[in-house]
Each structure stands twice: as C-alpha cells, then as structure tokens.
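Worksheet for the structure shown next.
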Amino acid sequence: MTTINIYDYLDIRDKFKTMKDDEFDKLKGPLSQALVDYTFEQVLEDYMDRLTPSLDDWANLKKKQIDKDYISSTSVVGTNIIKRNMPHLYEVQNHKGKSIVTSWTQEVLEKVLVTNRKSHSTPYVSEIIRQVGFVSGTSKVTIYRPLLTKRIVERFNFKHVLDVCVGWGGRMLGSVCVDGVSYTGIEPFSKTYEGLQQMKSELELNDEQVTLHNDRAETILPELERKYDLALTSPPYYNLEIYTDEDTQSHHYGGYEDWVDKFLRPVIVGVLGKLVEGGKSCWSVKNFKTDGSYNLYDDVVKIHEENGWVPMQEEDSNGIIQKVEFYVGNCLRPGLKDNDGKSKKSKEITYVFVKE
C-alpha cells in the first residue's frame, strides 16, 4: 500500500502547474497507485459529498432561464441531482466491455495524470474520472441536459411529456421543473429505475407530476391509455453504451438490423400513436461507430417518414427556412462521428418531427 494522500495533490488549484517536470515524473507512478489503493468507490463518494446539494441544484434549475435552442456543454445545472442518485453510471460499458470502474488501474491512471497535466493546471477529481474514460476508450456516459429539456418544453408550451427511454433522468427533471408539466417515463434497467424513484422522492414530486414504468418501452407503450403533446427521448445507441445485461435491454435483440426492426421501429411507431394532433416527436440521435458504422439518425428519419412524419421547419429571423433543432454545443460522446465521418467533436442534437 502507498502512503501518499491523494488529496495533497488532487483538487488543489494549479498543483501540477507549479510542479517541476522531474518532480512530476517521480510522483505520477506512486500517485496513480495511491488512487488505485484508495479505490474508485471511495474517490466517487468523496466527489459526491462535494457536489451541490440536490435541492439547491433543483432550485437553480427551476429558476434558470434560457431563450435559445442550444446550450453550452458547460451548462450542467440539474446534473448534480443525477450524479448523486445514479452512481452506477460509471459502470456503463462500451461494446468491448470497458467501463470507468474497470479502467481504474495504475496503468490507465498514470496516463491520465500525464494527460491531465498537459491540459489542466489543476488536477480536479472530476477531470481525472472523465479522462479515465478517454484514455481507456470508454469516455464518460452521456447525460441529457435538464436545461435543454426545459427549453424544449417551454418553447412549445407543452404540458404532457412522454419519454420512452428515460435513462439518467435529465429529461424528467427538465420537464417537471416547469410548472404544470407532467412526465411519463419508461426505464427498463432496474437499478436506474430505483435511482429515478429516489430522485422523485428527494424532490417531493408526486404521481401527477411523474409517472414511471420499469419495463421495455415496446411492452409498456401499448398499455398507455392517455395521449401526449410531446414525445422527447434519446434511445440507446444500440451497443454504444451497455447499461446492464438484464434481459429488458434492447441490445439483446442481436445485430443492428434486428435491433432496428425489433426495438427502434416499433418504439417510434408506438410513440407516434400516442401523440395528440399537433404533437411533436423529438429524438436525440446521431450516426455512430462501434464495431461497425451505424446510421441511426438516417433510420430514425426514415421510420418517421414512413409513418407520415417529417423534420420540423421554421422560418428564421432572416426569412430562411431552417430545421428546428435543439443541441448542446461542443459535446463529446464515444464513437460519434460528424456527418463527414472525420471528427468526434460534435453537437448533441435533438431533432423535431411533425405530422406531415
């Protein structure tokens, strides 16, 4: 066991900036081993203790105003609620079986410290965790920003939101932080469902505000009796992020084409059937690459068009007709490529479809 106290170095402003190269070279090995010995679980617990309390984060989200259809990647209001209630998000694996938790090794952490020193003068724990993902090839799990959801809900002035792939709860928080809005969500992973229920209880949200279902979307959708004016979701990107091996998970359907036929298509069609006249279908999707190149955006557009729904367009202030899109700027997600296939740096875009 090492005797280094990791907090003699981490989260101390400009700690690496003022350190000489030879001093850092001697430190990086023992410090990375000290991080392993301290364990990822303990580092994460310490990090959670320093986050903004959930009720304070909730109050900030409720009062935050946004008047544009995009937000900066630094706009993280509301996400601390998610991190506090979803610690297992760091267990999510990529298609090769790697996760932040399993990559918390001396070899990876030493590379992380070197990378961190080049890009950050301060070795923040949050950046160390984030870069473990980049170095090991998993990156961090994407959390849909509550603030972007709030913008979408307020922009269209809709009151009843359907989310068929809840995930970490960003769309749930962003919906019901707006007065008078109700949210229905479907989440197949039992551990994430429990975290969503904890969030609901912690924020004192009642059943009229939030209704949650723990099952497959393709199973629950036909059972929903009411109609909604807004469907907003981000489906699992096939095998880009593997949340669990529970049999409710859509990646069990097999290859990508089977996944589209047995999960994506019936879910989109089911969603469209639950929307009122004038309702909108919003999907956060993009083409991506893991063990192959997958045109998820193209497939989502195709399925909508097959059912008489098209991308929404509006005239901008210059009189130019533009697609209506909402996005987080300068955001990274593992395996994502721009439409030219050259860059992983991209906008996380939510596309809007309307009945033709």
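The values are calculated or read from the model by the stated rules, or taken from the named source; none is laboratory data. Keep in mind that what you see is a predicted model, and the values were worked out from it rather than measured. For neighbour counting, all protein chains shown are included, and Cβ atoms are generated from backbone atoms with ideal geometry for every residue, glycine included. For accessibility, only protein heavy atoms count, side chains too; no ligands or nucleic acids. Shrake-Rupley method; radii C 1.70, N 1.55, O 1.52, S 1.80 Å.
Our summary gives the stretch 1-135 a relative contact order of 38 percent, counting only alpha carbon pairs under 8 angstrom and 6 or more residues apart. Probing with 1.4 Å while keeping every protein chain in the model, the per residue accessible area of the chain equals 46 Å².
Accessible surface comparison of E241, E315, E45, probe 1.4 Å, protein chains only, largest first: the order is E315, E45, E241. Within the accessible surface of the chain, defined with a 1.4 Å probe on protein heavy atoms only, the carbon and sulfur portion equals 45 percent. Only Lys, Arg, Asp and Glu carry charge here, each on its Cβ (+1 for the first two, -1 for the last two); on that basis the stretch 37-196 has a dipole of about 620 debye about its Cα centre. Taking every protein chain into account, the 1.4 Å probe leaves V36 with about 40 Å² of accessible area, to the nearest ten. Pairs K28/K150; K68/K227; K15/K286; K191/K227; K68/K355: which are spaced more than 32 Å apart, C-alpha to C-alpha? In this structure, K28/K150; K15/K286 lie more than 32 Å apart at Cα.
The charge dipole of the chain, taken about its Cα centre with unit charges on the Cβ atoms of Lys, Arg (+1), Asp and Glu (-1) only, comes to about 1000 debye. Placing dummy labels 7 Å off each Cα toward the beta-carbon, the span from K63 to S190 is 4.1 nm.
Against the compact-protein benchmark of 2.2 N^0.38 Å, the Cα-based radius of gyration of the stretch 80-183 scales to 1.34.
Put one equal scatterer on each alpha carbon of the stretch 41-141, apply the Debye formula with no solvent term, and list log10 I(q)/I(0) at q = 0.18 1/Å to two decimals. Normalising to I(0) and taking log10 leaves -0.97. Between T52 and any residue 5 or more places off or on another chain, the built amide H atoms are never under 5 Å apart.
Heavy-atom accessible area with a 1.4 Å probe sorts F156, F134, F40, largest first, into F134, F156, F40. Of E91, E187, E246, E225, the residue with the largest accessible area leads and the full order is E225, E91, E246, E187 (1.4 Å probe). Computed with every protein chain present, the accessible area of Y228 is close to 10 Å² [probe 1.4 Å]. Amide H contacts of V161: S182, Y183, T184, each under 5 Å away and 5 or more positions distant or on a separate chain (H built 1.01 Å from N in the peptide plane; Pro and chain starts excluded). Summary of the geometry: the stretch 240-254 and the stretch 115-135, compared by the centres of their Cα atoms, lie 30 Å apart. Placing +1 on the Cβ of every Lys and Arg and -1 on the Cβ of every Asp and Glu, with nothing else charged, gives the stretch 203-262 a dipole about its Cα centre of roughly 180 debye. Positive end of the dipole of the stretch 58-152 (Cβ unit charges, origin at the Cα centre): among T79, L113, G133, the Cα lying farthest that way belongs to T79.
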